[in-house]
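The values are calculated or read from the model by the stated rules, or taken from the named source; none is laboratory data. Keep in mind that this is a model prediction, so the values were computed, not measured. Cβ atoms come from the backbone with ideal geometry, glycine included; neighbour counts cover every protein chain shown. Please note that ligands, DNA and RNA were not included when accessible areas were found on the heavy atoms of the full protein model with its side chains. Shrake-Rupley method; radii C 1.70, N 1.55, O 1.52, S 1.80 Å.
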Amino acid sequence: PLYASPQQRAGSAPDPRDDVFALGVLAFQMLTGDLSAAPGPRFERDLRARGAPAELADLIGDCVDPDANRRPRDAGEIDQRLGK
């Protein structure tokens, strides 16, 4: 359940943005070292305190946005934003 998007928890049809949500949670966990946590309301502050660049914190925030329409559409868009 920690990795499930709000849309998945509500029973909506699968969408690549559900995977984007899970990826955002995983990225947060990797940066904080806490595999039991999900990004909370002020998670950007926690990431910056650990030295994460603001751009990365913003990307993770976009990935875990409760509104699927504001998330990156797929991993390709995330890759573009990372500058790869």
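Applying the criterion of being touching a residue at least 12 places away in the same chain (Cβ under 8 Å) and in contact with a Lys or Arg (Cβ under 9 Å, 6 or more places away or on another chain) to the residues of segment 26-54, the residue that is surrounded by the fewest Cβ atoms within 10 Å (Cβ to Cβ) is 32. Answer with yes or no whether residue 34 is over 15 Å from residue 71 (Cα atoms) and not basic (Lys, Arg). Taking the combined requirement at face value, the residue satisfies it.
Residue count for segment 2-25, restricted to those that are open to solvent by 30 Å² or more (accessible area, probe 1.4 Å) and on the phi < 0 side of the Ramachandran plot: 15.
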